[in-house]
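Below: one structure, written as structure tokens.
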Amino acid sequence: FARLQYQRNYLKEDSQRYRRPLISRKFEEPLDLFDAHLYEKGAAVLHMLRRQLGDETFFGAVQRYVSEHADGLVETSDLRRAVEGFSGLDHGRFFDQWVEVGAGHPELRVQGSWQGEERRFTMVVEQTQEGADATPFHLQASLLLVDVGGQQTPHALRITRSREVFGFHMAQAPAMAVFDPRGDLLATVELDLPEPMLRTALGARLPVRARIAAAHALAKRPGRRNLEMLAKALMEDESWCVQAEVAAALAKVNSGGA
């Protein structure tokens, strides 16, 4: 939940003040360096790198970086060399798009549908950012499919184009399809999933970020059943974080029921 707040601080600065690469040498005052791009976005980028590498490799690379440069001066290239040297993998594209060259972030629309005759669940992930930042990001995302019996099956998604289509053959329609369940990606995500899936996700034992995402998606379609589910979560969810986000989502619904 704290990461969500940090990401929102960056997104607010990005949309309301300015957009720049993480690395920049154009500042009017020294204090300008300490902004939400460098700190909040920087933290989110490090978290994505950690998820890509895994804890053992990430913290091993960080330990090497700290040990080799103790009491010295460093630049971002030093961190990149430590990561690549320890992991044995090239991370040029990651550092280019997130740190050194690229600005902004992915704006994603996630759609899901079930094709009964083919027994296939299809998920479409579109990158909708426009303008100078319309070049598609290369992303590693996660998808959690949950069947009606509660069996959870994780899937790794590699996203490299503006529109990606993923298909999963299943015996029956999933009860839930949860995109980026832990909120690891620095991105805005518009969930266009069937309402029953969103209602189930809000009431399920899923990570907090997944329940929060479902709540905000349901509030954008404020039918009676969706409002009832939001009201239930507002009073009964075990996490105060989810309750607070449900209240915030309901506050944006201009209706007597809300």
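The values are calculated or read from the model by the stated rules, or taken from the named source; none is laboratory data. Here the structure is a predicted model, which is why all the values come from computation and not from measurement. FYI the Cβ positions are ideal-geometry reconstructions off the backbone, even for glycines, and counts take in every protein chain you see. These area figures cover heavy atoms from the full protein model, side chains too; ligands, DNA and RNA do not enter into them. Shrake-Rupley method; radii C 1.70, N 1.55, O 1.52, S 1.80 Å.
Remarks
- At full extension, Phe166 and Ile23 could sit 48.1 nm farther apart than now, given 0.36 nm per residue minus the alpha carbon distance.
- Accessible area in the full protein assembly, largest first, 1.4 Å probe, for Phe34, Phe1, Phe137: Phe34, Phe1, Phe137
- Portion, in percent, of the accessible area of the chain that falls on carbon or sulfur, probe 1.4 Å: 50 percent
- Size descriptors for the range 50-91: radius of gyration and Dmax over Cα atoms are 9.9, 28 Å.
- Estimated FRET transfer efficiency when R0 is 35 angstrom, pair Thr128-Arg64 (beta carbons, to 0.05): 0.35
- Amide H partners (placed H, <5 Å) of Val189, local residues excluded: Leu108
- Diffusion coefficient of the range 207-258 by Stokes-Einstein, Kirkwood radius over Cα pairs, 10 °C, 1.306 mPa s: 150 µm²/s.
- Phi angles of the range 175-186 translate, via the Karplus equation with coefficients 6.51, -1.76, 1.60 and θ = phi - 60°, into HN-Hα couplings of 6, 8, 10, 10, 8, 6, x, 9, x, 6, 7, 8 Hz per residue; Gly and Pro are given as x.
- Degrees between helix 42-53 axis and first principal axis of the chain (Cα, 0 to 90, nearest 10): 80 degrees
- In the chain, taking the dipole from charged Cβ atoms about the Cα centre, the farthest positive-side position among Ser77, Gln63, Gln7 is held by Gln7.
- In order through the range 118-130: 3J(HN,Hα) via Karplus (6.51 cos²θ - 1.76 cosθ + 1.60), integer Hz, x for Gly, Pro: 8, 6, 9, 9, 10, 10, 10, 10, 10, 9, 10, 4, 10
- Modelled FRET efficiency - R0 30 Å, Ser255 with Arg8, Cβ distances, 0.05 increments: 0.75
- Compared with the dominant Cα axis of the chain, that is its longest principal axis, helix 55-68 is turned about 20°.
- For the pair Asp192 and Arg224, label points projected 7 Å from Cα toward Cβ lie 2.8 nm apart.
- 14 Å beta-carbon shell around Val124, net charge (K/R +1, D/E -1): 0
- Assigned charges on the beta-carbon of Lys, Arg, Asp, Glu; the chain dipole about Cα centre (debye): 720 debye
- Modelled this way, with points 7 Å down the Cα-to-C-beta line, the labels at Ala247 and Gln152 are 2.7 nm from one another.
- Average accessible area per residue (Å²) across the range 156-219 - probe 1.4 Å, nucleic acids and ligands excluded: 42 Å²
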